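I have placed the structure first, in the form of structure tokens, so that the comments after it can refer back to it.
Each reported figure results from applying straightforward, stated rules to the coordinates on display, with no laboratory input. Quantities reported herein were computed from a predicted structural model and do not represent experimental measurements. For neighbour counting, all protein chains shown are included, and Cβ atoms are generated from backbone atoms with ideal geometry for every residue, glycine included.
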């Protein structure tokens, strides 16, 4: 069985021999961009519409909050006053939407290589992409590898909301790229990067953290569940030059943002860095 | 698509319209007992062999530890000296295996209604069921609803390792049954019960906790991920008359048992009761 929609079901099987199956309805969008196959389909279920890139699950209307709340609020709440934020990848707009909930934010740059992803999500996934038109958002349809090269002391927070370390996202998993990301940070800056599934991407995780640890003096991991992602369980890297994770939580901002979230709250935040033994050993 | 094995793939789709797909190899065991269809099949992947009951995922060799470590060690480690333990359901033996890791344990009673499950698991899933022959284990092939009725002041820990609240497990989700479980506890006793997926079983969870809260003055929820269960995310009820969750952790026992576990450790334990907003609201 190959990944993708067949006989009314979307299948995605990981190399461990299992994966997710989703009842698929009408395909709303299916085109090849210069970088990848972009597809959005209906499910007719609580999952709502689904975005896949190269037949790999990116997000669903129904469970996107599991991912977007985690990549955004854990680093953002650990920063005393995040004003300037860079989101790399994240063309669906979900991460930008969560970032904008922080009333400290003055500017969010979204650097996404594939304009077709942005346009398709704006049209077909408005609950996710709807905040991309916010005046604080600057959209750059560019290769983040090039974009980041000359940025110095620009961002309080950088969120690497990339695809997997194969295909168009591959260059976002290198020591050179991470070094440029570090240099783009202001003093006290924090990076969060999606770092694959601890269940099925063990080798990729090992490789990625080995590189991150070369670049960032502080490099931790936090995890949370995502129902439709491989293994149902996901990890993010938390990196900084100076700011330890859990060293600060803005209580007032936390309270306000918790009201707008389906999973995020202070206790849940604090609990995210407690890792299972097998993942601690891997790192 | 119906649940079960078709064209070389096991599919299980939940009412939310998505679920798990597993590459299936040879079927090693497939029979109807007096209670249910019992099936064990090979996958040829890291998941190893898989046990299903009525075409619903029960356990896999590869990821069973996610479930069994959580149902056993959270309540066991919160008890100062768990000597006498009752496991209800759990015919695969995985919960019993974890319970026996605690050097305080003198006796474990396994009360499983379906002897065919026990026999099939002993034969085909020895890494899970292998400790059922331990001299401290007493196996009772009986209906737990009847078995528990006359038990008073017998157990330090009761673990309800049941199937879902439909089919043979249905009677294990009633106020009468929970009352009998409470009465079977010794002073300072603790109950843990599997309580379905917060992602896809919201109504079942609500109903179950409403009943548990009528019976137990202390009733909390803890969660962890399970890759092959619906939604990849699972909840357990922690109930007691007197012992609050996280009020005690036996440090020495915790250290010893952590060495034998793939996920369980003290930090992971402490983090398990931090719930996402939507689950807190549901409860």
* Structure fact -> Distance in nm between residue B:83 and residue B:141 label points, each 7 Å along Cα→Cβ, equals 3.1
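Write down the percent of antiparallel bridges among all DSSP beta bridges whose residues are both part of the protein assembly as shown, to the nearest 5.
Details: 73 of 111 bridges.
Roughly 65 percent of the beta bridges in the protein assembly as shown run antiparallel, per DSSP.
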* Asked: How do B:247, B:224 line up, fewest other C-beta atoms within 10 Å first?
  -> B:247, B:224
* How many nanometers, to one decimal and shortest first, lie between the label point of residue A:248 and those of its other copies, if labels sit 7 Å from Cα toward Cβ? -> 4.1
* Angle in degrees between helix B:115-124 and the longest Cα principal axis of chain B, rounded to the nearest 10 -> 70
* In Å³ and rounded to a whole number, note down the convex hull volume per residue for the Cα atoms of region B:194-237. => 49
* **Exposure proxy ranking, count of Cβ atoms within 10 Å, fewest first, for B:212, A:211** => A:211, B:212
* Structure fact -> Relative to chain A, whose Cα atoms define the longest principal axis, helix A:64-77 and its Cα axis are tilted in degrees, nearest 10, by 10
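Over region B:166-283, what relative contact order in percent results from Cα pairs under 8 Å that are six or more residues apart? Present the calculation step by step, with values, prior to reporting the outcome.
Numbers: 149 pairs, mean separation 31.7, N = 118.
27 percent.
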* Structure fact -> Quick note, region A:145-271: a/c under 1.5 would make it rounded; otherwise a/b > b/c is prolate and the rest oblate (a ≥ b ≥ c, C-alpha gyration tensor); here it is oblate
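Pairs of Cα atoms under 8 Å, at least six residues apart: use those to get the relative contact order of chain A, whole percent.
On the way: 590 pairs, mean separation 45.6, N = 283.
Relative contact order comes out at 16 percent.
Using only the Cα atoms, what convex hull volume per residue in Å³ does region B:197-283 have?
On the way: hull volume 8.7 nm³, N = 87.
Per-residue hull volume (Cα only) is 100 Å³.
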* Give me the Debye-computed log₁₀ of I(q)/I(0) at q = 0.20 Å⁻¹ for region A:14-84, equal point scatterers on Cα only, no solvent, two decimals. => -0.91
* **Cβ-vector label at 7 Å, residue A:107, separations to other copies in nm** => 7.3
* **region B:225-280-region A:204-238 distance, computed between alpha-carbon centres (Å)** => 21
* Return A:77, A:1, A:58 ranked ascending by Cβ neighbour count within 10 Å, so the fewest neighbours appear first. => A:1, A:77, A:58
* Asked: Given the rule -39500 (n - 2.57) for each run of at least 4 DSSP H residues, summed and divided by the residues of chain B, what is its mean residue ellipticity at 222 nm, to the nearest 500 deg cm²/dmol?
  -> -8000 deg cm²/dmol
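For chain A, give me the percentage of DSSP beta bridges that are antiparallel, rounded to the nearest 5 percent. Could you put the intermediate results ahead of the total?
On the way: 34 of 53 bridges.
Here the antiparallel bridges make up roughly 65 percent for chain A.
Kindly work out what percent of the DSSP beta bridges joining two residues of region A:45-160 are antiparallel, to the nearest 5. If you can, show how the numbers build up before the last one.
Values: 4 of 17 bridges.
Of the beta bridges lying entirely in region A:45-160, close to 25 percent run antiparallel.
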* Structure fact -> Longest principal axis of chain A (C-alpha) makes with the long axis of helix A:175-184 (C-alpha) an angle, in degrees to the nearest 10, of 60
* Residue-span extension gain [residue A:7 to residue A:262] - 0.36 nm each, minus C-alpha spacing -> 88.5 nm
* Structure fact -> If labels are modelled 7 Å from Cα along the Cβ direction, residue A:119 lies from its partners in the other copies at nm distances, smallest first, of 6.5
* Asked: Dividing the convex hull volume of the alpha carbon atoms of chain B by its residue count, what do you get in Å³ per residue?
  -> 115
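Apply the a/c threshold of 1.5 to the C-alpha gyration tensor of region A:82-198 and tell me whether it is rounded, prolate or oblate. Don't skip to the answer; put the middle values down first.
Working: a/c = 1.67, a/b = 1.13, b/c = 1.48.
Here region A:82-198 falls in the oblate category.
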* To do: List the equivalent ellipsoid semi-axes of region A:138-194 in whole Å, largest first, each obtained as the square root of 5λ for an eigenvalue λ of the Cα gyration tensor.
  => 18, 12, 11
* Along Cα→Cβ, 7 Å out, is where each label goes; now give me the distance between the ones at residue A:206 and residue A:27 in nm to one decimal. => 3.7
* Structure fact -> With R₀ set to 22 angstrom, the calculated FRET efficiency between the beta-carbons of residue A:251 and residue B:246, to the nearest 0.05, is 0.50
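Counting pairs of Cα atoms in the protein assembly as shown, how many percent are more than 35 Å apart?
On the way: 59693 of 159895 pairs.
Taking all Cα-Cα pairs of the protein assembly as shown, the fraction more than 35 Å apart is 37 percent.
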* Asked: What residue among B:174, B:59, B:228 shows peak mean-square fluctuation when chain B is described by a Gaussian network model with Cα springs under 10 Å?
  -> B:174
* So which residue, out of A:244, A:42, A:255, gets the largest mean-square fluctuation from a GNM of chain A using Cα contacts under 10 Å as springs? -> A:255
* What's the FRET efficiency of residue A:278 with residue B:166 using the Cβ-Cβ distance as r and R₀ = 30 Å, to the nearest 0.05? -> 0.35
